[in-house]
Amino acid sequence: MRELLLAGLSKLEYRGYDSAGISVIADGQIEAVRAVGNLSALETKLSGAAAARQNGAVAVAQKPATTGIGHTRWATHGRVSEENAHPHFDSDDRVHVVVNGIVENYMALKERLLGEGCVFTSETDAEVIAHLIAAHYRDDLAEAVRLAFGELEGHYAFVAMSLEQPDLLVGARKECPLIVGRGEGEQFVASAVPAFLSETRDVQYVENGEIVVLRPEGVEIMTGDGAEVQRGVEQVDWDQETAEKGGYDTFMLKEIHEQADAVADTIFDRTARGDGVDLDEEGALDESILKDVKRIVVVACGTAYHAGLIGRYALEEWARVPVEMDIASEYRYRNPVVGPGDLVIGVSQSGETADTLAAMRLARERGATVLAITNTRGSQATRDADGVLYTRAGLEIGVAATKTFVCQVAVMYLLALRLAELRGTLEPARIAELVAELKRLPHCIDETIERCESQAEEIAKTCWDAEFFFYIGRHVGLPVALEGALKLKEISYISTDAYAAGEMKHGPIALLDEATPVVCVATRSPVLDKLISNMQEARARGARVIAVATEGDGEVEPHSDASIAVPATDWMLQPIIAVIPLQLLAYAVARSRGLNVDQPRNLAKTVTVE
Ligand code: AGP
């Protein structure tokens, strides 16, 4: 069992992890073994248990076991530590769980459970699930899971086991994936097929809101109300590489589909209070520095620069702080005027981009306070900065940044709202309204992907062979246009240009003709009328206008040749949703050209050279 769990976890290694653990039931005992670091740290710890066995003290994890669970963690809530690694367990150490995703109402549940005498040993939201199941347990793990499931809010999937019923695993799914592998006299359940692909290719997909009960002889699926669900068994014919892509053709597409989870992870505990944002977390800047900041300078490269551009609008609009933006490779060579009182924000998913690091160091040497926004714990940016705010996108393998971009934008929004709170520049009611909208974003992102994927494919069929694409936007739509153009050029090798729509008439309009697709970010905003005028100007030159519009905004469609509607949200937050059809369009065009989108030519995921 131990080897089987480790082998399964190793197949999920591509996701990255900072700690791992397993629990098994053996010989009437249950035990979790957890270790900080990658899987080899866990293996070493388990072999330490093997050494103990030779000395006569047999660790539970070494005894023959038939039931077990395992997990690799990418820290979201709670620092990287053995206590925060999964599996988590209840106070009596009888119910163990592994959890992916987030439990949004964990604070209220934890308070209640603490009042009932539960003893918590980790800082995670996940641990609450073990205590909740134990509190509901009356000789029936499936029923206890069902009752607990009914009380949990969020975006998660978990699997539980109990010492009282050693031949049983019970899982539940809300948004995060959960897949069953069917065997003969043995059953498997995991967040992704590769974990059990060496054992079986017969799978059953657990749907949202469902509970799954595994016994050696078979599997039952039920709804949250306890009604039985009939689900057919499907065969996967994936090879290992396809399996690691979760069944998607490419990592990029998989990562596009992971965006809702990534944004949910990034914002959830930071917006838990509902009426504001909490960023007073490990590694963050002292809030007194944030409050008194006189000016902000954002430095970044590529996609991260575009996220910074969106952040600038939010920081100025909500927190009323002047913001300058600079491309990191330019900033360091222009002898910038920067010093005490300035906050310089370096945005970098890798935290290792040489130009961004150099810009951050220069600013720090001149006395500015430096904040890193990064996806990578332990990266150089985290060491070179005075404070860090993490995006929680998980590992991104595709060279073209997608899920890390939306998470960078989400962190920018969080920072702008927190600054607005600290500086009193927004009414509390407006902050609460924006926080509520932020919390809706993961659902809007899911809806957008579901709606837009096939539309983007249809549009790509009409323009995949174009030699040049032009992108326009205004206000927060401009960075979205810039990012859409970058996505298309880097993975399809088509020449693109992106401009502020109002600038088109000052030169670039000369480029337009019947062969030019013009992609317009025409989502709802106070400048939408002006953007529609620019769309008309492009069409008057024979160009083919492709618009991204907000659903319900009927005025955009008549002025476009093709349009994609995205769900409505506050117009300042619209970029995080509007960018998705552009990612999908770039993807569909590049695939139509038969290109390798995960590893485009000449590019590297992390650019550590000047
Ligand atoms: C975008 O798809 C690219 N991967 C690239 O522009 C990237 O955003 C840039 O190189 C910056 O990387 P960083 O976020 O790791 O600093």
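Within segment 510-562, the set of residues being of a type in the set (Asp, Glu), surrounded by 13 or more Cβ atoms within 10 Å (Cβ to Cβ) and over 17 Å from residue 470 (Cβ atoms) comprises 551, 553, 557. Scanning segment 359-388 for residues that are in contact (Cβ under 8 Å) with a residue 60 or more places away in the chain, touching a Ser or Thr at 6+ places or on another chain (Cβ under 6 Å) and either more than 15 Å from the ligand (Cβ to nearest atom) or assigned to a loop (DSSP other than H, G, I, E, B) (or both) yields a single hit, 386. May I ask you to verify whether residue 90 is buried (at least 22 other Cβ atoms within 10 Å of the Cβ) and among the charged types (D, E, K, R)? Answer is yes for this residue.
At least 1 residues being touching a strand residue (DSSP E or B) at 6+ places or on another chain (Cβ under 7 Å) and among the acidic types (Asp, Glu) is the threshold, and among the strands (runs of 3 or more DSSP E) wholly inside segment 136-189 those reaching it are 165-174. Filtering segment 580-595 down to residues that are touching a residue at least 40 places away in the same chain (Cβ under 8 Å) and farther than 20 Å from residue 481 by Cβ, which residue is farthest from the ligand (Cβ to nearest atom)? The qualifying residue farthest from the ligand (Cβ to nearest atom) is 592. Among the residues making up segment 119-172, those that are surrounded by fewer than 19 Cβ atoms within 10 Å (Cβ to Cβ) and of a type in the set (D, E, K, R) are 123, 138, 139, 140, 143, 151, 153, 164, 167.
Per the listing 589, 579, 545, the residue uniquely under 22 Å from residue 515 (Cα atoms), β-branched (Val, Ile, Thr) and in contact with a Phe, Trp or Tyr (Cβ under 8 Å, 6 or more places away or on another chain) is 589.
Counting just the residues of segment 105-118 that are out of contact with any helix residue (DSSP H, G or I) (no Cβ under 9 Å at 6 or more places or on another chain) and exposed (fewer than 12 other Cβ atoms within 10 Å of the Cβ), which one comes out nearest to residue 95 (Cα to Cα)? Among residues in segment 105-118 that are out of contact with any helix residue (DSSP H, G or I) (no Cβ under 9 Å at 6 or more places or on another chain) and exposed (fewer than 12 other Cβ atoms within 10 Å of the Cβ), the one nearest to residue 95 (Cα to Cα) is 117. If I filter segment 322-358 down to residues being more than 11 Å from the ligand (Cβ to nearest atom) and among the hydrophobic types (A, V, I, L, M, F, W, C), which single residue comes out as farthest from residue 394 (Cα to Cα)? Going through the qualifying residues, I end up with 337.
For every residue, the table says whether it meets (1) at pLDDT 90 or above; (2) buried (at least 16 other Cβ atoms within 10 Å of the Cβ); (3) of a type in the set (Val, Ile, Thr).
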position	(1), (2), (3)
19	no, yes, no
22	yes, yes, yes
26	no, yes, no
31	no, yes, no
39	no, yes, no
48	no, no, no
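Checking every residue in segment 224-245 against the condition of being under 19 Å from residue 167 (Cβ atoms) and either without any contact (Cβ under 8 Å) to a residue 12 or more places away in the chain or not aromatic (Phe, Trp, Tyr) (or both) gives zero matches. In segment 507-527, which residues are at pLDDT 95 or above and either among the small types (Gly, Ala, Ser) or in a helix (DSSP H, G or I) (or both)? Within segment 507-527, just 522 meets the criteria.
Within segment 443-500, the set of residues being out of contact with any Phe, Trp or Tyr (no Cβ under 7 Å at 6 or more places or on another chain), aliphatic (A, V, I, L, M) and away from the ligand (no atom under 16 Å from the Cβ) comprises 445, 449, 456, 459, 460, 466, 478, 500.
The set of residues from segment 317-358 being among the aromatic types (Phe, Trp, Tyr) and in a helix (DSSP H, G or I) comprises 318, 331. Taken over segment 350-376, residues that are in contact with a Leu (Cβ under 6 Å, 6 or more places away or on another chain) and at pLDDT below 95 amount to 0. In segment 211-259, of all residues being out of contact with any Leu (no Cβ under 9 Å at 6 or more places or on another chain) and among the aromatic types (Phe, Trp, Tyr), the one that is surrounded by the most Cβ atoms within 10 Å (Cβ to Cβ) corresponds to 251. Given the structure, is residue 603 within 16 Å of the ligand (Cβ to nearest atom), part of a helix (DSSP H, G or I) and either touching a residue at least 24 places away in the same chain (Cβ under 8 Å) or surrounded by fewer than 24 Cβ atoms within 10 Å (Cβ to Cβ) (or both)? For residue 603, the condition - within 16 Å of the ligand (Cβ to nearest atom), part of a helix (DSSP H, G or I) and either touching a residue at least 24 places away in the same chain (Cβ under 8 Å) or surrounded by fewer than 24 Cβ atoms within 10 Å (Cβ to Cβ) (or both) - is not met.
Scanning segment 399-420 for residues that are of a type in the set (D, E, K, R), more than 14 Å from residue 263 (Cβ to Cβ) and either in contact with a Pro (Cβ under 8 Å, 6 or more places away or on another chain) or within 16 Å of the ligand (Cβ to nearest atom) (or both) yields a count of 0.
Inspection of segment 550-573 identifies at least one residue that is within 26 Å of the chain's Cα centre (by Cα) and free of Cβ contacts under 8 Å to residues at least 40 places away in the same chain.
The values are calculated or read from the model by the stated rules, or taken from the named source; none is laboratory data. Please read these numbers as outputs of a predicted model, since none were measured by experiment. Note: ideal-geometry Cβ built from the backbone for every residue, glycine included; neighbour counts use all protein chains shown.
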